[in-house]
Amino acid sequence: MSRTEIVKEISNNGVVAVVRTKHPDKLLRIAEAICEGGVKFIEITMTVPNTLNMIEEVSRLVNHEIYIGVGSVLDPGTAQKAIDAGAKFVVSPIFNKNIIETAHNNNVPAMPGTFTPTEILTAHKSGSDIIKVFPADVLGMNFFKAVKAPMPDLRLMPTGGVNLDNAGEWIRAGACAVGVGTALLDVKAIEENDFKKLTENARRIVASINSVVHIN
């Protein structure tokens, strides 16, 4: 898929799962479990042990409905290595124009992290495909509404403060999608190999998003 098509699909699906597990051997089962529940975009962060090899392996083994991306990217070199390993999108906790350029040179969406309105606008003007707002729980939903009022064309994605039941409210506040970690990827369930719990969680967050009119 092209960069534009992936961005459209992320907005349509509404959820990017943020994986920070200490059990990389379970990544494939995690991906399959949440996909069964309707979550198709999975961000494997650079904090996961042996990240690049895991991205390569999981990208090769998952079905065509699942899209594996990379998260916690801090420099363009890491972005390139992850893309070479199979990452279909690049997420960062910071804004770095060179990361965006690297992603775009490979026809891959870039989702940099921002916090202030100035950072958001700078990221937008630099070509960001989706702008991650992080940590979103510090700012809250009213911040999204306020920022979108003068800049309605922004594609914003909150990460931090999103749970299984309020995801739809973030969409209503102006987000095009949400980034969600432990609320979806229950640590205890993963430890106990209770992958049905992850599927249930995925269905619950998708239901929350589907309960509102997605107008972005």
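The values are calculated or read from the model by the stated rules, or taken from the named source; none is laboratory data. This structure is a prediction, so every number in the text was calculated from the model and none was measured. Glycine also receives a Cβ, built like all others from the backbone with ideal geometry; neighbour counts cover every protein chain displayed. Accessible surface areas use protein heavy atoms only, side chains included; no ligands, DNA or RNA. Shrake-Rupley method; radii C 1.70, N 1.55, O 1.52, S 1.80 Å.
Please identify the pairs in which a residue from the stretch 14-40 that is within 19 Å of His64 (Cβ to Cβ) has its Cβ atom under 6 Å from the Cβ atom of a residue that is part of a helix (DSSP H, G or I) and of a type in the set (Phe, Trp, Tyr), counting only partners at least 6 apart or on another chain.
Going by the 6 Å Cβ cut-off, the qualifying pairs are Arg29/Phe195; Ala33/Phe195.
Is there a residue being of a type outside the set (D, E, K, R), closer than 23 Å to Val48 by Cα, open to solvent by 60 Å² or more (accessible area, probe 1.4 Å) and not in a helix (DSSP H, G or I) anywhere in the stretch 178-188?
yes
Just the residues that are over 27 Å from Ala173 (Cβ atoms), surrounded by fewer than 24 Cβ atoms within 10 Å (Cβ to Cβ) and touching a residue at least 24 places away in the same chain (Cβ under 8 Å), please, taken from the stretch 78-96. Don't jump to the end; show me each part of the working.
Of the stretch 78-96, the ones over 27 Å from Ala173 (Cβ atoms) are 78-87.
Add one more test, that the residue is surrounded by fewer than 24 Cβ atoms within 10 Å (Cβ to Cβ), and what stays is 78, 80-81, 83-86.
Thr78, Gln80, Lys81, Ile83, Ala85, Gly86, listed by residue number.
Under 6 Å between Cβ atoms, at least 6 apart or on separate chains: pull out the pairs that start in the stretch 101-125 with a residue that is without any contact (Cβ under 8 Å) to a residue 40 or more places away in the chain and among the basic types (Lys, Arg) and end on any residue that is open to solvent by less than 60 Å² (accessible area, probe 1.4 Å) and part of a loop (DSSP other than H, G, I, E, B).
Listed pairs, sorted by first residue: none to list.
Give the residues of the stretch 59-77 that are surrounded by 23 or more Cβ atoms within 10 Å (Cβ to Cβ) and either under 10 Å from Thr102 (Cβ atoms) or aliphatic (A, V, I, L, M) (or both), sorted by residue number.
Hits for the stretch 59-77 are Ile68, Val70, Val73.
Considering only residues that are acidic (Asp, Glu) and either farther than 21 Å from Lys188 by Cα or open to solvent by less than 10 Å² (accessible area, probe 1.4 Å) (or both), which ones fall in the stretch 1-55?
Glu5, Glu9, Glu43 - these are the residues of the stretch 1-55 that are acidic (Asp, Glu) and either farther than 21 Å from Lys188 by Cα or open to solvent by less than 10 Å² (accessible area, probe 1.4 Å) (or both).
Pull up the stretch 126-150, narrow it to residues that are in a loop (DSSP other than H, G, I, E, B) and in contact (Cβ under 8 Å) with a residue 24 or more places away in the chain, then point me to the one that is farthest from Lys8 (Cα to Cα).
Per the criteria, the residue is Pro135.
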